[in-house]
Amino acid sequence: MRPERVRGEGRFALFLLLPAAIVVFGVVLYPVVRTLLMSFYDVDSAMPGSYPFAGLGNYAKAFQDPSFYPVLGHTAYFTIVSTVAELVLGMGVALLLNAPLRFKWLWRSLVVLPWALPTIVNGALWRWIDNGQYGVLNQLLGTEIQWLGSPFLALNMVIVADVWKNTSIVAFFLLAGLQTIPAEIREAAVMDGASTWRTFWSVVVPLLKPSIAVVLVLRTIEAFKVFDIVYVMTGGGPASGTQTVAFYTYLQAFSNQLFGYGSALAYLIVIAVGALAMFYLRLLRQNQMAGV
């Protein structure tokens with residue numbers, strides 16, 4: 001092929017990619033850079049204008065804000081409890097789906113349904129289920145509990161809704177890992193006298209560590225920046241008891257119109273999520289190097 005033709009095809013390929021590049025720049029890159037720049041200014045209005053330079057003042061304000069620490073606590077609690085619950089329940093579901101069951105395709109289709117629901121729909125569904133007057137949960141239990149009426153209980157009910165939706169995707173990640181483990185390895189462990197629990201803990205779990213690491217990274221990131229299900233189920237209430245960092249960022253930026261402060265909070269979320277991801281990946285790499 002002649003060089004002129006190669007260059008011509010290269011230019012034509014770039015021309016075809018140009019619309020997608022423009023969309024990515026306009027929808028992703030420009031807002032990211034704009035938000036970063038805004039976090040260094042005292043922007044307190046959506047109207048264009050000249051705003052004073054704040055430096056790291058907006059970032060320092062977050063740690064001086066007495067309302068920020070309870071929100072950070074809610075986020076940490078939500079992240080830890082929901083991620084652990086989804087990992088444990090997802091492992092159980094994955095083991096069941098990996099077992100020799102009849103109509104396995106049917107069970108896998110049913111398991112994926114909660115994850116297929118949009119988060120907004122899931123939140124609205126659980127808000128009706130948890131309603132203290134006509135909710136089906138009180139009907140089933142024969143109680144009159146206001147599930148969304150107290151801060152701590154409401155936060156736990158949001159976690160239940162999140163776990164119900166996302167356990168299935170965790171199960172499928174782990175199921176994919178289980179199916180890469182040769183059956184001969186487990187059979188050899190059983191022949192050596194290992195119990196079912198010992199085989200699972202000493203053989204299956206170490207081989208599943210890459211899959212578990214992926215699940216932990218993805219679910220920790222998603223849980224730490226949770227917003228939509230909180231917005232739909234509780235609106236951050238009662239008494240700000242279900243506000244997360246992402247929800248608090250939304251309130252500061254769009255309700256209070258403190259766009260500079262809200263941008264700084266958004267980048268604090270990015271830093272925290274990046275640090276968590278690096279921690280998980282570093283831990284996984286150390287385990288692999290140690291042969292664990």
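The values are calculated or read from the model by the stated rules, or taken from the named source; none is laboratory data. These numbers come from a predicted model, not from an experiment. Methodologically, a virtual Cβ is constructed for each residue, glycine included, from the backbone with ideal geometry; neighbour enumeration extends over all protein chains shown.
Considering only region 178-292, give the helices (runs of 4 or more DSSP H) lying wholly within it that have at least 1 residues that are closer than 19 Å to residue 82 by Cβ and out of contact with any His (no Cβ under 8 Å at 6 or more places or on another chain). Full working, then the answer.
Details: elements: 183-191, 196-199, 209-224, 228-233, 245-250, 259-290.
Fully inside region 178-292 and qualifying: 209-224, 228-233, 245-250, 259-290.
Answer yes if at least one residue in region 174-185 is at pLDDT 90 or above and touching a Phe, Trp or Tyr at 6+ places or on another chain (Cβ under 9 Å), and no otherwise.
Among the residues of region 174-185, not one is at pLDDT 90 or above and touching a Phe, Trp or Tyr at 6+ places or on another chain (Cβ under 9 Å), which makes the answer no.
Would you point out the residue of region 178-223, among those that are small (Gly, Ala, Ser) and under 29 Å from the mean Cα position of the chain (by Cα), that is surrounded by the fewest Cβ atoms within 10 Å (Cβ to Cβ)?
Going through region 178-223, the residues small (Gly, Ala, Ser) turn out to be 183, 188-189, 193-195, 202, 211, 213, 223.
If we keep only those that are under 29 Å from the mean Cα position of the chain (by Cα) as well, we get 202, 211, 213, 223.
Values: 202: 12, 211: 19, 213: 18, 223: 22.
Among those residues, the one meeting the criterion is 202.
Residues of region 45-86 being closer than 21 Å to residue 259 by Cα and hydrophobic (A, V, I, L, M, F, W, C), which ones?
Selection gives 46, 47, 53, 54, 56, 60, 62, 63, 68, 71, 72.
For residues in region 118-155 being surrounded by fewer than 17 Cβ atoms within 10 Å (Cβ to Cβ) and in contact (Cβ under 8 Å) with a residue 24 or more places away in the chain, which is nearest to the chain's Cα centre (by Cα)?
Per the criteria, the residue is 120.
Whether any residue in region 186-208 is touching a Pro at 6+ places or on another chain (Cβ under 6 Å), within 29 Å of residue 156 (Cβ to Cβ) and of a type outside the set (Lys, Arg) is what I want to check. First the steps, then the outcome.
From region 186-208, those touching a Pro at 6+ places or on another chain (Cβ under 6 Å) are none; that's our starting set.
Checking region 186-208: not a single residue is touching a Pro at 6+ places or on another chain (Cβ under 6 Å), within 29 Å of residue 156 (Cβ to Cβ) and of a type outside the set (Lys, Arg).
In region 9-24, how many are under 28 Å from residue 266 (Cα atoms) and modelled with pLDDT under 80?
The total comes to 1.
Pairs needed: first member in region 192-212, touching a residue at least 12 places away in the same chain (Cβ under 8 Å) and more than 27 Å from residue 285 (Cβ to Cβ); second member anywhere, β-branched (Val, Ile, Thr) and surrounded by 13 or more Cβ atoms within 10 Å (Cβ to Cβ); C-beta distance under 9 Å; at least 6 residues apart or different chains.
Cβ pairs passing all conditions: none.
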